[in-house]
Amino acid sequence: MRSETMLTSGFATLSDLIGAHAAEQPAKPALIFGTTVLSYAELDERMNRFAAGLQRDGGGAGQAGAVGGP
């Protein structure tokens, strides 16, 4: 499903929207922080790795969690 359709059809997760956009325009910049630029394809891949790690460690739908940074 196209990201534009997802936005107008009701409910979609952020992950779904980024994945759809990555399929449509993978090289387009999705996230810019200082000198770091991630394309939609790179952001989608990182999000998928993060989600897989959460699932591997016992996380799942409906469970609360915390994310920390430096």
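For the range 31-57, the set of residues classified as open to solvent by 50 Å² or more (accessible area, probe 1.4 Å) and not in a helix (DSSP H, G or I) consists of 31, 32, 33, 34, 35, 36, 37, 57, listed by residue number. Applying the set (1) at pLDDT 90 or above; (2) surrounded by fewer than 12 Cβ atoms within 10 Å (Cβ to Cβ) to residue 66 leaves exactly one unmet item: (1). For the range 11-30, the set of residues classified as open to solvent by 80 Å² or more (accessible area, probe 1.4 Å) and within 11 Å of the chain's Cα centre (by Cα) consists of 14 only.
The values are calculated or read from the model by the stated rules, or taken from the named source; none is laboratory data. In this text, all values refer to a predicted model and were calculated from it rather than measured experimentally. Note that each Cβ is placed from the backbone with ideal geometry, even for glycine, and that neighbours are counted across all protein chains shown. Accessible surface is based on the protein model in full, side chains and every heavy atom, while ligands, DNA and RNA are left aside. Shrake-Rupley method; radii C 1.70, N 1.55, O 1.52, S 1.80 Å.
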